[in-house]
Amino acid sequence: PLSLLKDPSLLKTDALLGGQWFAGGARFAVHDPATGLKLADVANLGAKEAELAIAAANEAWPAWKAKTAKERSTILRQWFDLLMQHQDDLGRLMTAEQGKPLPEAKGEVAYGASFVEWFAEEAKRVNGETLPQFDNNRRLLVLKQPIGVCAAITPWNFPLAMITRKVAPALAAGCPVVIKPAELTPLTALAAAELALRAGIPPGVLSVLTADAENSIAIGKVLCASDVVRHLSFTGSTEVGRILMAQCAPTVKKLSLELGGNAPFIVFDDADLDSAVEGAFASKYRNAGQTCVCTNRFYVQAGVYDAFVAKFAARVKTAKVGNGFEDGVNQGPLIEPAAVDKVQRHLDDAVAKGASVVTGGKHLAELGAGQFFEPTVLANATAGMLCAREETFGPLAPVFRFETEQEAIAAANATEFGLASYFYSRDVGRIFRVGEALEYGMVGVNVGILATEHVPFGGVKQSGLGREGSHYGMDDYVEIKYLCVGDI
Ligand code: ADP
């Protein structure tokens with residue numbers, strides 16, 4: 001699939017280290033999850049190169065923060081334009097290494113680029129403040145200054161957007177960034193970095209440390225331990241988030257964490273069922289269920305339970321599973337064999353505990369590299385099942401039955417996670433009651449998709465710290481300084 005790139009020079013396999021493409025000694029292989037075929041051998045960096053990237057970033061920092069906001073904004077805007085001009089190629093790279101259907105991959109390119117556009121604009125609005133003086137001989141000011149060298153560790157499920165959501169606000173604020181992209185999807189990250197260089201990002205301001213799983217751990221340790229690195233942003237599992245948080249404690253590093261979810265999707269008796277079915281489908285099966293805001297648990301009120309399950313299953317049956325490059329495919333492969341195993345384990349556990357498969361349920365072992373799983377709907381799910389507690393991160397939709405609003409809220413909140421949640425109701429009182437009671441950072445009411453660049457994305461409880469996107473997304477990359485001027 002990569003021989004079809006319009007601009008073949010976007011296929012980068014070396015890392016970007018302090019403004020130079022760096023081959024290093026070792027390589028690691030990147031595979032197409034649909035076919036299992038090797039796509040490329042990518043530079044496998046380690047702890048030593050992480051030190052070099054941090055030093056290069058620190059050296060590049062003074063000149064980058066000294067640029068005017070408008071100068072940084074212009075470079076970011078140029079990067080946005082280049083990302084959009086190369087949307088097709090970036091989409092191809094993404095489908096090849098990640099598996100999501102090509103239209104969905106191109107959609108992610110637009111979504112990822114939108115953060116660069118947004119923060120190019122926000123760069124010009126990092127406003128300080130003057131405060132009323134407590135003594136006429138003084139003036140009190142609040143300055144906002146770039147926090148310093150930032151590190152970003154990103155996952156494979158959004159190979160571009162999870163990078164731009166962190167890098168764009170950091171660059172806009174005047175900070176250099178060292179990125180450690182996911183080992184499964186480094187090609188999209190490297191292509192985006194090539195476009196950042198073409199846009200005029202100066203050497204050292206952006207580094208991309210590609211590495212396999214083992215070296216990623218070593219690089220992570222260096223990024224966390226460094227006292228030059230002032231901020232770490234991570235998107236990935238709660239388990240790894242806890243490790244990174246502990247590793248950042250000795251340097252009291254500022255952290256932005258976007259971790260796991262266990263999103264509930266509640267359908268009340270008064271919902272518009274057709275709309276709920278569409279929202280359910282979009283929220284569950286996007287990216288084959290591999291997003292942290294994908295619904296993990298459906299709670300449906302008794303009065304509409306059977307009708308919802310029937311309509312939902314009928315909708316799910318229309319989905320086409322296959323290679324993301326094929327026309328009309330809605331669901332690609334899962335990212336790796338372990339992801340298929342988890343779906344199978346959750347399915348087997350649920351069935352053993354009394355759930356019934358309404359549609360799907362099969363691992364399509366014969367298809368491609370064997371990482372395809374049918375979109376599946378399970379009825380009669382109950383609280384004791386694994387899928388009620390753990391994030392499945394795959395195309396499995398367990399549907400639980402409930403009687404009262406109180407019961408639904410309690411079940412939805414019975415998790416250590418608190419990222420996205422959804423509910424469907426036409427009752428205005430209920431919309432406010434439930435919207436306020438859900439312990440989640442994001443609540444979708446009568447919608448199944450809610451992310452965009454100008455809203456605050458993030459979670460509460462063990463789903464993370466901080467918000468990405470929107471004007472709040474700049475906060476983590478600036479420090480507030482109080483300046484008290486006397487003897488006026
Ligand atoms: P996912 O569940 O999305 O695979 P992970 O949390 O395992 O998420 O990985 C997300 C990112 O974190 C990847 O870039 C991966 O290389 C990196 N990573 C995983 N474990 C560690 C670790 N111990 N230290 C630093 N980075 C890590």
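Since every read-out is calculated from the coordinates, none of them should be taken as a lab result. Since the model is a prediction, treat every value here as computed from it, not as a measurement. Neighbour counts are summed over all protein chains in view; Cβ atoms, including those assigned to glycine, are modelled from backbone coordinates with ideal geometry.
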How big is the charge dipole of segment 125-180 about its Cα centre, in debye rounded to the nearest 20, if each Lys and Arg gets +1 on its Cβ and each Asp and Glu gets -1 on its Cβ?
-> 120
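Among the trypsin sites (Lys or Arg not before Pro) within segment 386-440, which fall in a DSSP loop and have no more than 13 other Cβ atoms within 10 Å of their own Cβ?
ARG426
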Straight-line reach from LYS48: which lysines have a Cα under 20 Å away, not including same-chain ones fewer than 8 places off?
-> LYS180, LYS221
Residue-wise, which Karplus ³J(HN,Hα) couplings in Hz belong to segment 92-108, taking 6.51 cos²θ - 1.76 cosθ + 1.60, θ = phi - 60°, and x for glycine or proline?
-> 4, 4, 5, 4, 5, 9, 10, x, 5, x, 3, x, 5, 5, 5, x, 5
Could I have the simple spin-label model distance between GLU278 and THR452, label points 7 Å from Cα toward Cβ, reported in nm to one decimal?
-> 1.6
Once the other residues with Cβ under 11 Å from the Cβ of LYS461 are scored (Lys, Arg +1; Asp, Glu -1), what is the net sum?
-> -2
Where a ≥ b ≥ c are the square roots of the eigenvalues of the C-alpha gyration tensor, would you call segment 296-452 rounded, which needs a/c under 1.5, or, failing that, prolate if a/b is larger than b/c, or oblate?
-> prolate
Based on Cβ point charges of +1 for Lys and Arg and -1 for Asp and Glu, what charge dipole magnitude is obtained for segment 1-121 about its Cα centre, in debye rounded to the nearest 20?
-> 140
With a Förster radius of 60 Å, plug the Cβ-Cβ distance of GLU326 and TYR482 into 1/(1 + (r/R0)^6) and report the FRET value to the nearest 0.05.
-> 0.55
Output the pairs from LYS38/LYS254; LYS284/LYS353; LYS106/LYS284; LYS100/LYS362; LYS38/LYS106; LYS106/LYS254 with a Cα-Cα distance over 27 Å in this structure; if there are none, say none.
-> LYS38/LYS254; LYS106/LYS254
Gain in span if fully extended, ARG125 to VAL351, counting 0.36 nm per residue against the direct Cα distance | 76.0 nm
Please work out how much length the chain gains when fully extended from LEU143 to ALA69, using 0.36 nm per residue of separation minus the C-alpha to C-alpha distance, in nm with one decimal.
-> 25.2 nm
Under the rule rounded for a/c under 1.5, else prolate if a/b exceeds b/c, else oblate, using alpha carbon gyration tensor axes a ≥ b ≥ c, segment 17-93 is classed as oblate
Using the Cα gyration tensor of the chain, with a ≥ b ≥ c the square roots of its eigenvalues, what is the shape: rounded (a/c below 1.5), prolate (a/b larger than b/c) or oblate (neither)?
-> oblate
Under 14 Å Cα-Cα from LYS65, which aspartates and glutamates qualify once same-chain neighbours fewer than 8 residues away are excluded?
-> GLU479
GluC sites (Glu not before Pro), restricted to segment 80-163: which are DSSP loop and have at most 11 other Cβ atoms within 10 Å?
-> none
Reachable aspartates and glutamates from LYS70, Cα under 15 Å, same-chain residues fewer than 8 places away excluded?
-> GLU117, GLU121, GLU122
Potential lengthening between ILE217 and THR318 on full extension [0.36 nm per residue; Cα-Cα distance subtracted] | 32.2 nm
Point-charge dipole on Cβ atoms (K/R +1, D/E -1) for the chain, about Cα centre, debye to 20 = 740
